[in-house]
1. On the given criteria, is A377 modelled with pLDDT of 95 or more, part of a loop (DSSP other than H, G, I, E, B), surrounded by 14 or more Cβ atoms within 10 Å (Cβ to Cβ) and touching an Asp or Glu at 6+ places or on another chain (Cβ under 7 Å)?
2. Being assigned to a helix (DSSP H, G or I) and either closer than 11 Å to Q344 by Cβ or of a type in the set (S, T, Y) (or both) is the filter here, so list the residues in the range 287-306 that pass it.
3. With assigned by TED's automatic domain parsing to the domain that holds F182, over 16 Å from the mean Cα position of the chain (by Cα), hydrophobic (A, V, I, L, M, F, W, C) and surrounded by 20 or more Cβ atoms within 10 Å (Cβ to Cβ) as the only criterion, which of L273, L278 stands out?
4. Scan the range 289-306 for residues that are at pLDDT 95 or above and either more than 8 Å from A270 (Cβ to Cβ) or among the small types (G, A, S) (or both) and jot them down.
5. If T337 meets every condition in (1) over 23 Å from L258 (Cα atoms); (2) modelled with pLDDT of 95 or more; (3) outside any helix (DSSP H, G or I) apart from one, which number is that one?
6. Can you tell me which residue in the range 348-374 is surrounded by the fewest Cβ atoms within 10 Å (Cβ to Cβ), limited to those that are small (G, A, S) and over 12 Å from the mean Cα position of the chain (by Cα)?
7. Can you tell me which residue within the range 254-286, out of those that are in contact with a Lys or Arg (Cβ under 7 Å, 6 or more places away or on another chain) and outside any loop (DSSP other than H, G, I, E, B), is modelled with the highest pLDDT?
8. A114: surrounded by 20 or more Cβ atoms within 10 Å (Cβ to Cβ), closer than 20 Å to S241 by Cβ and not hydroxyl-bearing (S, T, Y), yes or no?
Amino acid sequence: MLDTILRNCTLADGRTGIDIGIRDGLIVAAEPALAATAAETIDAAGQLVTPPFVDAHFHMDATLSYGLPRVNASGTLLEGIALWGELKPQLTREALVERALAYCDWAVAKGLLAIRSHVDVCDARLLAVDALLEVKEKVAPYLDLQLVAFPQDGVLRSAGALDNLERALDMGVDVVGGIPHFERTMADGAESVRILCEIAAERGLMVDMHCDESDDPLSRHIEILAFQSQRLGLHGRVTGSHLTSMHSMDNYYVSKLLPLMKEAGVAAIANPLINITLQGRHDGYPKRRGMTRVPELLAAGIPVAFGHDCVMDPWYSLGSGDMLEVAHMGLHVAQMTGQAAMHQCFAAVTETPAAILGLEGYGIAPGCRADLVLLQAADPVEAIRLRATRLMVMRAGRVIARTPPALARLDLPGRPSELDWRLTGR
């Protein structure tokens, strides 16, 4: 006797008519016509069932702070950084925890059950670190929160930042972060990459750096990050986030850079909503999109995930924790409208970031944790097109969120009485 069976599921890999059997919070079977009984049976009705969404790049210490202490009037990156500097002295631990927990509620409702959040360590109080460590513990039963020690103002540029970063790691922060392009000089940026990668190597930690978040084609710290990853044997543990300068680099240099990243085992994270919003601000027309070269990175065999980056904070006044919105923007900005490419965009908010974060038990196969999302869609492309309703979200075999189907009622002569925007399953 199983605890639960989900009958007639469609999976992201194209398999249909799959039954998923769950016992003690784990998947014990995923096969057609599962010959078993269960205490509860859920009919997926041929709709898409997927492992949970994963956000590989976020800033939870700033989320839902929109309008504090004022609104980013220009909507630019630099005003956002300045505004965060104004807000930091006013932060309280209680408010940080409250906003982060509220955002985690949003995430769960959207089927987002794993988040890698950068947390600013340039405040000597480490207030945000302390708050998010508490949040990490509180949400652990239903959401995996991985924290990155992020020296927002530059680990060398900001007095005491290096010591703060090491203290944050001692407190239990998971990943070493950095922002080399924000150091005072290119040389300082390269030096910061060396120092931070050596700290990660000594501690056995992963690395995730904001790298070359710039329109300057000469901002090339990703090359240094790949070199240090190779030198220190950090293969598979290093990620470069944003990489927007790659959009502006010449093709010859990129043809050298991509094999270096592949050889060093460096992954990439693009943030489509924010990259398309903040980059190219100095351009007239033609105006650069700014997002890194996602199709080319994928073609080179480099893992690419998408991150939400910001939701209602000093940098971005929009967002709702919906990773399908992120995939939708990434698909358009990168012109990834081929069938295989659209499936890659779905993978960029599910299985690829799960691998980058090193999530254990992720997937739909016997032995995986029964973390599942039932979507009102027939396949990943339809899910992205509709930003499909999460009909059910399950954590370790327990349903933790439900949303009614999205339906419109019509009163038109000779036409159906309701529709749900799908091409099938009306």
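1. Taking the combined requirement at face value, the residue does not satisfy it.
2. Of everything in the range 287-306, those that are assigned to a helix (DSSP H, G or I) and either closer than 11 Å to Q344 by Cβ or of a type in the set (S, T, Y) (or both) turn out to be V294, P295, L297, L298, A299.
3. L278
4. Answer for the range 289-306, where residues must be at pLDDT 95 or above and either more than 8 Å from A270 (Cβ to Cβ) or among the small types (G, A, S) (or both): R293, P295, E296, L297, L298, A299, A300, G301, I302, P303, A305.
5. So T337 meets the others, but not (1).
6. In this case the residue turns out to be G367.
7. Residue satisfying both the conditions and the ranking: V254.
8. yes
The values are calculated or read from the model by the stated rules, or taken from the named source; none is laboratory data. Since the structure is predicted, the reported quantities are computational estimates derived from the model, not experimental observations. Here the Cβ is made from the backbone with ideal geometry for all residues, glycine too, and neighbour counts use every protein chain on show.
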